[in-house]
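Enquirer: I have a structure I would like to understand better, so I am pasting it below and will then ask my questions one at a time.
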Amino acid sequence: NRSVEPDTILRERQGHREAIRHYIDLDAYMPYPFTAFPHSYRKAAERYGRHTVEQRGVLPWVILRMEHELEAAVRRGDTSVVIQKAGYLSHYVADAHQPLHLTTNHDGQKTGNDGIHLRLEIGVVDDRIEQYGSALRGHLLPARRVANLRRELFDGFDRTYPLVAAIMHADDDAKQAIWPHGPLYYRRMDATLRSAVERQLGTAATLLASIWYTACENGQPAPP
């Protein structure tokens, strides 16, 4: 399954170089809503230094590069690379819609919510993915041509980042259960965050399909 390879094969092969492709700690640069943050890697590196930018994550620029590589593979008719890049994009686009991939407080370590990252991804989302899928079925927007992927990514970050605080508050409330991090904890987390999770999953799926669609359209040879 190409979609999981960034977390398995690529991380094992490339280590830290791959790890930094899965997040961008926007709040390490400035407070939300990050209006002064440069959207290009070159400008960010010029302002903050390449080492700092690399340490704080390069997720949006990986997605942009991967989309160009997918489009080029479509143009060449290289099916194996098309499948690979499309799968990798599904992983990185999902990461871009996970609020905890946008913050230095990625595991709740700064607010007493230690371990929240895996509790959210596995205990809330993965364990209920069929329910979320059923809720979204028939309600997803159709794929469309993406005119400016860079802008869409950063606009998406602006909408996603406020969910960081919502996740921490949900965790604080759910931990009041008699058995912390037991079944009741996860039921409470799901009840509080369900609409947000559904929205993020749906938005990610629609954007991913739209990136694939756009790359396929742009990669078609020009008519004679």
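Enquirer: In terms of the Cα gyration tensor, with a ≥ b ≥ c the square roots of its eigenvalues, is the stretch 16-144 rounded because a/c is under 1.5, prolate because a/b exceeds b/c, or oblate?
Expert: Oblate shape, in that a/c is at least 1.5 and b/c is the bigger or equal ratio.
Enquirer: If you don't mind, another one. Multiply the residue separation of GLN55 and ASP173 by 0.36 nm, subtract the distance between their alpha-carbon atoms, and state the gained length in nm to one decimal.
Expert: 39.2 nm
Enquirer: Roll a 1.4 Å probe over the protein chains and send me the accessible area per residue for the chain in Å².
Expert: For the chain, the per-residue accessible area is 53 Å².
Enquirer: Once label points are set 7 Å from the Cα along Cα→Cβ at both LYS110 and SER195, what is their separation, rounded to one decimal in nm?
Expert: For LYS110 paired with SER195, the spin-label model returns 2.7 nm.
Enquirer: Still on this structure: Name the lysines eligible as straight-distance cross-link partners of LYS110: C-alpha to C-alpha under 25 Å, and not fewer than 8 places from it in the same chain.
Expert: Correct list for LYS110: LYS175.
Enquirer: Here is a further query. Considering only protein heavy atoms and a 1.4 Å probe, what is the carbon-and-sulfur percentage of the accessible area of the chain?
Expert: With neighbouring chains kept in place, the figure for the chain is 55 percent.
Enquirer: With each pseudo-label sitting 7 Å past Cα toward Cβ, what's the GLU217-SER134 distance in nm, one decimal?
Expert: 3.5 nm
Enquirer: Right, next: Using the alpha carbon gyration tensor of the stretch 76-159, what are the three equivalent-ellipsoid semi-axes (square root of 5 times each eigenvalue), largest first, in whole Å?
Expert: Calculated on Cα positions only, the semi-axes equal 27, 18, 15 Å.
Enquirer: Sort 206-218, 72-84 for me by packing, meaning the mean count of neighbouring Cβ atoms within 10 Å per residue, highest on top.
Expert: So the peptides 206-218, 72-84, ranked by packing, come out 206-218, 72-84.
Enquirer: Out of ASP173, ASP95, ASP190, any idea which swings most in a Gaussian network model of the chain, alpha carbons joined below 10 Å?
Expert: ASP173
Enquirer: Here's something else I'd like to know. Show which aspartates and glutamates lie in cross-link reach of LYS85 when reach means a straight Cα distance below 16 angstrom and same-chain residues fewer than eight apart are skipped.
Expert: Output for LYS85: GLU5, ASP7, GLU18, GLU67, GLU69, GLU71, ASP95, GLU217.
Enquirer: Sort all Cα-Cα distances of the stretch 143-211 into consecutive 10 angstrom bins from zero, then give the percent of pairs in each bin up to the one containing the longest distance.
Expert: 19, 38, 24, 15, 4, 0
Enquirer: Apply the Karplus parameterisation 6.51 cos²θ - 1.76 cosθ + 1.60, with θ equal to phi minus 60°, to every residue of the stretch 30-47 and state each ³J(HN,Hα) to the nearest whole Hz, in sequence, with x for glycine and proline.
Expert: Each residue of the stretch 30-47 in turn: 6, x, 4, x, 6, 5, 8, 7, x, 8, 9, 4, 4, 5, 5, 5, 5, 7 Hz.
The values are calculated or read from the model by the stated rules, or taken from the named source; none is laboratory data. Note that this is a predicted model, so its numbers are computed, not measured. In this analysis, Cβ positions are derived from the backbone assuming ideal geometry, glycine residues included, and neighbour counts consider all displayed protein chains. What goes into the accessible areas is simple: the full protein's heavy atoms, side chains included, and nothing from ligands, DNA or RNA. Shrake-Rupley method; radii C 1.70, N 1.55, O 1.52, S 1.80 Å.
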